[in-house]
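To start, the structure itself, in structure tokens.
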Amino acid sequence: MSTFTIDSGTSRATPSPVPGKRMTAPSIRARKADGRTEPPIVMLTAYTMRMAQLLDPHCDMLLVGDSLGQVIYGLPSTIPVTMEMMCAHGAAVVRGSWHALVGVDMPFGSYEGSPEQAFASASRILKETGCAAVKLEGGEAMAETVAFLALRGIPVIGHVGLTPQAVNMLGGYGVRGRQDIEAEKIVADARAIAEAGAFCIVVEGVLEALATQVASEVAVPIIGIGASAECDGQVLVTEDMLGLFERTPRFVKRYDDLASRISEAAAAYAAEVRGRSFPTAEQTYRPK
Ligand code: KIV
């Protein structure tokens, strides 16, 4: 029994179907041919084993994003997220998936110091989670690090545009690329990361035309979030897409209203407990 697979005898999880062939970094990279990706790449975030199981059949890639700091832990930003959090959740998502490529975010402070620091952190993430790629934020300044990792066998997903780990420098989570000089920098960032060896790049929170330009000018698949339908793929934070939060950014489309459904279920449970109508004979043990 490996740390990276579910023990169907003891886990609560539905056992995974017979493992198929997982998507790989080269297979994702190869989806963009002659400048176009058909069909577009489907990516969602996942932080837990069960969510991974439910999302996996529908996704090419599952991202264990450091957004888990805000979504799971109620932190004010992604800055306080730790390696321990990323490794624990990354391993859970790998256990719950069998088809999608799992990428895990490198937390703030774990890679910016030097390529060697990044290699130590990324190799720990790969060893402890069983994931197939890491994601890091930054453009030209991170190109050397991306190349260092890629040349040493670690597939890297880039992340440019709105980079939440840089919130203290950016001054907030507003759309990037409104000024020409910033737009040009974002294109140069994406190019630099692609040339350094990133196999795909997340472009977040930029004007639609800029995202379209990045997707058409950069050779590797560009995965958009708050970007453009012309990107080579799309990613959303799953809990946003499921309607778990009242407040979400404008670019999120809610495909469900889980917040209301969970509240209704909790209210029904509370009423039955208080009225002693739960549990019933069906849910209690009696002598045989
Ligand atoms: O942390 C995260 O979930 C992300 C996605 C929003 C791309 O980086």
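Nothing in this text is a laboratory measurement; each read-out follows from the coordinates by a stated rule. Note that the structure is predicted; figures quoted are calculated from it, not measured. For neighbour counting, all protein chains shown are included, and Cβ atoms are generated from backbone atoms with ideal geometry for every residue, glycine included.
What angle do you read, to the nearest 10 degrees and between 0 and 90, between the alpha-carbon axis of helix 83-95 and the longest principal axis of the chain? In the chain, helix 83-95 runs at an angle near 70 degrees to the longest axis. Treating the Cα atoms of the chain as identical point scatterers in vacuum, please give the log10 of the normalised Debye intensity I(q)/I(0) at q = 0.06, 0.14, 0.15 Å⁻¹, two decimals. For the requested q values the scattering log ratios are -0.21, -1.01, -1.14.
Take peptides 262-272, 101-111, 241-251 and line them up by average Cβ neighbours within 10 Å, highest first, as a rough protection proxy.
Values: 262-272: 11.0, 101-111: 25.0, 241-251: 14.1.
The most tightly packed comes first, giving 101-111, 241-251, 262-272.
Dividing the summed helix terms, -39500 (n - 2.57) for each DSSP H run of n ≥ 4, by the number of residues in the chain produces a 222 nm estimate of -10500 deg cm²/dmol to the nearest 500. With θ taken as phi - 60° and the Karplus curve 6.51 cos²θ - 1.76 cosθ + 1.60 applied, the whole-hertz 3J(HN,Hα) list for the range 163-179 is 10, x, 5, 9, 4, 5, 7, 6, x, x, 10, x, 4, 9, x, 6, 8 Hz, x standing for glycine and proline. Excluding same-chain neighbours fewer than eight residues apart, the lysines reachable from Lys135 by a Cα-Cα span under 21 Å are Lys32, Lys127, Lys185. Calculate how steeply helix 115-129 sits against the longest principal axis of the alpha-carbon atoms of the chain, using the helix alpha-carbon long axis, and give the answer as 0 to 90 degrees to the nearest 10. Taking Cα atoms only, the helix is inclined about 30 degrees.
Contact order, relative form, for the chain: 16 percent (alpha carbon pairs under 8 Å, 6 or more residues apart, mean separation divided by residue count). Scalar couplings 3J(HN,Hα) for the range 239-255, obtained by applying the Karplus form with A = 6.51, B = -1.76, C = 1.60 to θ = phi - 60°, are 5, 5, 5, 8, x, 7, 10, 6, 9, 9, x, 4, 6, 7, 9, 8, 9 Hz; x denotes Gly and Pro. Taking amide H as placed 1.01 Å from N in the peptide plane, Val202 has its amide H under 5 Å from the amide H of Gly158, His159, Val160, Ile223, each at least 5 places away in sequence or on another chain. Using a cut-off of 14 Å between beta-carbons, work out the net charge of the residues near Ile72 (Lys and Arg +1, Asp and Glu -1, Ile72 not included). Net charge around Ile72: -4. Against the longest principal axis of the chain, how steep is helix 180-196, in degrees 0 to 90 to the nearest 10, with axes from Cα atoms? Roughly 80 degrees between the two axes.
Dipole check for the chain: with +1 at the C-beta of Lys and Arg, -1 at the C-beta of Asp and Glu, and the Cα centre as origin, the magnitude is about 1140 Debye. Placing unit charges on the Cβ atoms of the charged side chains and taking the dipole of the chain about its Cα centre, the candidate lying farthest along the positive direction among Thr78, Pro115, Ala229 is Thr78.
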